[in-house]
1. Rounded to the nearest whole Å², what accessible area per residue is found for region 115-222 with the 1.4 Å probe?
2. Quick one: accessible area per residue over region 314-391, 1.4 Å probe, rounded to a whole number of Å²?
3. If a paramagnetic tag sat 7 Å from the Cα of Asn93 along the Cα-Cβ line, which residues of region 540-571 would have the backbone N under 16 Å from that point?
4. Please list 3J(HN,Hα) in residue order for region 365-378, calculated via the Karplus relation 6.51 cos²θ - 1.76 cosθ + 1.60 where θ = phi - 60°; whole Hz, with x for glycine and proline.
5. Leaving out ligands, DNA and RNA, and with a 1.4 Å probe, what % of the accessible surface on region 514-563 is carbon or sulfur?
6. Could you tell me the center-to-center distance, by alpha carbons, between region 131-153 and region 542-588 in angstrom?
7. Provide the per residue accessible area, probe 1.4 Å, for region 432-588, rounded to a whole number of square angstrom.
8. Net charge around Leu350, counting only other residues with Cβ within less than 13 Å of its Cβ (Lys, Arg = +1; Asp, Glu = -1)?
Amino acid sequence: MMVLTFLEKVEKIAHFNICLALSSIAHQNQVSRSKLSHVYNTVRCFQSSRFVSGDKKSSLRHWSQSPTRVFGNRVSRSMKNEAQKALLDYLHNTRALSFVDAEHISNNSPRYIRALLSKIDTRKEDISRSLARFLRYNPINEFEPFFESLGLRPSEVSRFLQRDMALLSDDGVMFENFRVLSNYGIPRSKIGRVYKEAREIFGYEDGVLASKLEAHESLGLSKPIVIKLVICCPSLLVGEVDCEFVSVVNKLKGLNIGCDWLGGYLSDGNTYNWRRILETMELLDKLGFKEEKLSSLLKTYPDLVGETSGNKAYVMFDKLQKVGLEMSEIDRLVIDHPDMLLEISVKRILEALKFLIRIRMERQFIVRFLLQHMKLICSSPLVGPKAVYMRLKIGRDELHGIIKEDPLKLFTLASKTTTDRRIELDSLDLRNAEKTAFLLKLGYVENSDEMVTALKKFQGRGDELQERFDCLVKAGLDYNVVTEVVKRAPHILSRPSHILEKKINILTDYLGYPVETLIESPTYLCYSIERIHQRFSMYIWLREREAVIPRLTLGTIIGISNTRFLAYFVNSHPEGPAAWESIKKAST
């Protein structure tokens with residue numbers, strides 16, 4: 001027992017001295033990064049190899065992986081802000097990460113912030129000072145907040161941690177490839193998915209990843225399209241260029257919609273099988289959709305060639321043939337009702353088929369029903385026969401007779417949409433006819449829950465929303481890209497068109513950023529013109545004196561609080577405070 005106590009005291013003394021040396025080294029920049037890493041590893045090795053009593057497994061667990069119980073009540077916003085500031089200062093000043101990297105990590109790792117707060121008594125102590133002291137004497141595993149800031153869930157973060165690495169500089173190759181993706185324009189919060197699905201690309205040697213990105217641009221794809229492709233299909237960057245993907249691109253080049261169609265089609269919530277997409281496009285071609293007709297079809301129904309709808313469409317065709325439809329009849333149905341190939345439509349057609357088969361409806365009736373009422377089938381979600389039996393207190397034979405006598409009864413008796421819900425939707429449609437028409441153009445499905453939610457989120461009349469939407473398109477953004485952006489941040493359309501135009505002009509003409517910058521930071525359009533002009537002026541002043549990184553994100557320049565802007569921008573140059581006061585006076 002005395003030996004253990006003695007060893008613990010020795011460890012504390014050694015740990016204190018090493019950490020002081022580490023802090024001094026980082027501030028004075030007198031040794032190389034590799035030496036700093038060596039000292040840091042010494043601390044880690046000393047900690048992990050010490051003699052302990054009790055459960056060996058639990059003693060090796062890092063403090064941030066322990067239960068995060070904060071002293072006192074819930075974590076308030078001010079506590080969270082103080083903890084974020086302490087972590088930012090540690091990463092930027094002590095660990096010499098760039099301000100942009102340190103800020104993103106500290107602002108986008110809430111679980112790690114809570115773990116930090118659990119290590120101090122928030123009821124009695126000054127949070128900033130306590131955390132600064134804690135971080136000074138407790139080296140952290142930088143990969144934990146880093147991975148969390150990339151969008152990985154806690155369970156995924158722990159899976160990627162390595163026992164022999166705690167500094168981001170320990171895996172310089174990985175971090176350099178991360179920078180390549182970030183500098184190319186891929187949102188940092190999406191890079192976690194790339195790391196999870198295509199970890200190999202983070203081991204590429206210098207220049208390899210950049211060359212692969214350029215190779216995809218050389219196919220005729222714009223940079224925003226390549227960015228979306230990397231987020232949705234990280235595997236495209238693994239190995240050689242995907243031949244089936246190239247075939248899809250070449251087919252699109254032959255259509256008047258071109259490759260820009262991909263921008264509106266791709267979604268990071270889905271996965272894509274390029275061979276299946278290619279097969280679906282070839283199927284549409286065989287069904288009679290040539291060039292202009294296929295272009296029009298893909299514009300109207302961009303999800304038509306998605307992997308999920310494509311797979312289910314083949315299943316649907318097989319079932320339609322089994323109930324008695326000829327292939328020529330199926331072809332005609334697809335030409336007359338192309339929306340029947342959409343995933344939601346395929347699901348409803350299969351529901352209707354299953355319903356009719358379960359009540360033992362004759363094949364001739366089913367064939368006639370499908371040929372005559374496909375539009376209604378595609379727009380009507382149905383419950384199963386058992387639910388109808390219970391609702392109407394009737395049996396299978398009676399239900400069979402009712403539907404056979406009046407086929408349209410199927411849609412009223414088995415509809416999933418309740419009467420109250422239909423009344424609500426009808427009244428909303430009457431009050432918001434123009435707004436509803438606008439939302440339908442954005443891709444919302446009529447009479448859906450998403451439509452009802454969107455009607456509440458989008459503020460303004462339909463004609464006003466359309467005018468503001470067109471303003472963004474006229475500024476140079478792709479129609480499909482604007483559609484996705486406003487669905488993600490509907491509040492940007494609550495500003496009048498002339499205000500949107502003015503803010504875009506300040507961004508492009510004054511700051512010199514491309515209009516595509518709005519894709520990653522659409523909320524820029526929500527800040528006041530005064531704030532935008534003042535901060536851009538200060539940033540340009542610093543940029544001219546090479547005191548800041550040339551291409552910081554809009555979120556960093558405009559989005560951070562006034563306190564942080566003063567600390568990390570204004571006060572970063574000796575003459576900064578005077579210049580800032582001059583800028584503020586000029587704008588009043």
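The values are calculated or read from the model by the stated rules, or taken from the named source; none is laboratory data. Remember, predicted model here, so these are calculated numbers, not experimental data. Here the Cβ is made from the backbone with ideal geometry for all residues, glycine too, and neighbour counts use every protein chain on show. Calculation scope for accessible area: heavy atoms of the full protein, side chains included, ligands and nucleic acids excluded. Shrake-Rupley method; radii C 1.70, N 1.55, O 1.52, S 1.80 Å.
1. I get 45 Å² per residue for region 115-222.
2. 52
3. Flagged as within label range: 563-571.
4. Values, residue by residue: 5, 4, 4, 5, 4, 5, 5, 8, 10, 4, 4, 5, 4, 5 Hz.
5. Accessible surface attributable to carbon and sulfur in region 514-563 totals 52 percent.
6. Here the answer is 27 Å between Cα centres.
7. 49
8. Combined, the nearby Lys, Arg, Asp and Glu give +4.
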